[in-house]
Amino acid sequence: MNDWLTTADELLTTTRSVRRRLDLGRAVPLDLVRDCVRIALQAPTGGNSQVAHFVVVADAGKRARLADLYRRVWVGYRKAENSVYARAMNEPSGPRREQLQRVAESADFLVENLHRVPLHVVPCIEGRLGRTPPGPFANVANASTYGSVLPAAWSFMLAARARGLGCAWTTAHLACEEEAAGILGIPYEQVTQVALLPTAYYTGATFRPAARRPLDQTLHVDSW
Ligand SMILES: Cc1cc2nc3c(=O)[nH]c(=O)nc-3n(C[C@H](O)[C@H](O)[C@H](O)COP(=O)(O)O)c2cc1C
């Protein structure tokens, strides 16, 4: 654990999507990742179902195949009208535009180097999402399902950060989820992947809190 990472607030405000500062030349011990997963599994699950899983991908061949797949998806994403690239172009010049441009450049770095990241972690949940029939309980089901794995995935990133590891939260590969399931031996009909977290030691000492929308534009008290 990093001694300097003293407060929960510091951990929560400085855990970033790390891409350019991933140390691509340093191996990550599996035991360290096991520690992070053990902590992540303390996250809540709907009805205490405990249906979250983590697939750790260390094998170089599998990482290369996942990187190819991710790159293919990214070619399409680049052209999408709501992509970070399009939003950066359409934003008036100013700090928000600069922030989006930085994210776009950082995302490009990740696409080009994904096969070099020493580990990937794929949080999954038992069950196949998106098959809930429409109706009053559809949103309950969706929220309960995602809510039973995404808190654990974020806890994984926090625990990783406290140990000097950086991760990038990514979802692009899910556009080819079934193909990724084939690469990783995940039973696609029974298990849903929800993210892919490239994971490595990070370079540099620490991270700063990011600029976010003002609190008063996003906090609603008693009514919207
Ligand atoms: C649901 C979700 C999906 C994301 N998907 C991707 C992705 O596919 N590729 C990528 O490079 N970053 C992805 N990101 C990372 C975001 O770009 C990043 O969180 C955002 O720019 C804020 O930066 P920060 O995490 O450093 O604060 C994703 C983040 C979230 C929460």
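The values are calculated or read from the model by the stated rules, or taken from the named source; none is laboratory data. Computed from a prediction, not measured in an experiment: that's the story for all the values here. A quick note on method: Cβ atoms are made from the backbone with ideal geometry, for glycine too, and the neighbour counts reach across all protein chains shown. These area figures cover heavy atoms from the full protein model, side chains too; ligands, DNA and RNA do not enter into them. Shrake-Rupley method; radii C 1.70, N 1.55, O 1.52, S 1.80 Å.
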Separation of alpha-carbon centers, segment 34-107 and segment 166-205, rounded to whole Å:
8
What do you get for GluC sites (Glu not before Pro) in segment 141-213 restricted to DSSP loop and a cutoff of at most 16 other Cβ within 10 Å of the site's Cβ?
E189
HN-Hα J couplings of segment 98-103 from phi, Karplus 6.51/-1.76/1.60, θ = phi - 60°, integer Hz, Gly and Pro as x?
4, 5, 5, 5, 5, 4
From phi via Karplus (6.51, -1.76, 1.60), per-residue ³J(HN,Hα) for segment 18-29 in Hz, x at Gly/Pro:
9, 10, 5, 9, 6, 7, 7, x, 10, 5, 9, x
Can you give the three extents of the C-alpha atoms in segment 71-174 along their principal axes, from longest to shortest, in whole Å?
43, 37, 28
Can you give me the long-range amide H partners of Y201? Hydrogens built in the peptide plane at 1.01 Å from N, cutoff under 5 Å, separation of 5 or more residues or another chain.
D23, G166
Assuming R0 = 35 Å, can you tell me the calculated FRET efficiency for the pair W224 and Q99, based on Cβ-Cβ distance, to the nearest 0.05?
0.85
Leaving out ligands, DNA and RNA, what percent of the accessible area of the chain is carbon and sulfur, probe 1.4 Å?
54
Between R72 and A143, what is the spin-label point distance in nm, taking each point 7 Å from the Cα along the Cα→C-beta axis?
3.6
Sequence order, segment 152-167: Karplus ³J(HN,Hα) from phi using 6.51 cos²θ - 1.76 cosθ + 1.60, θ = phi - 60°, Hz rounded, Gly and Pro as x, gives 5, 5, 5, 4, 4, 5, 5, 5, 5, 4, 5, 9, x, 9, x, 9
Amide H contacts under 5 Å for D59, restricted to residues at least 5 apart in sequence or on another chain and with H modeled in the peptide plane, are none
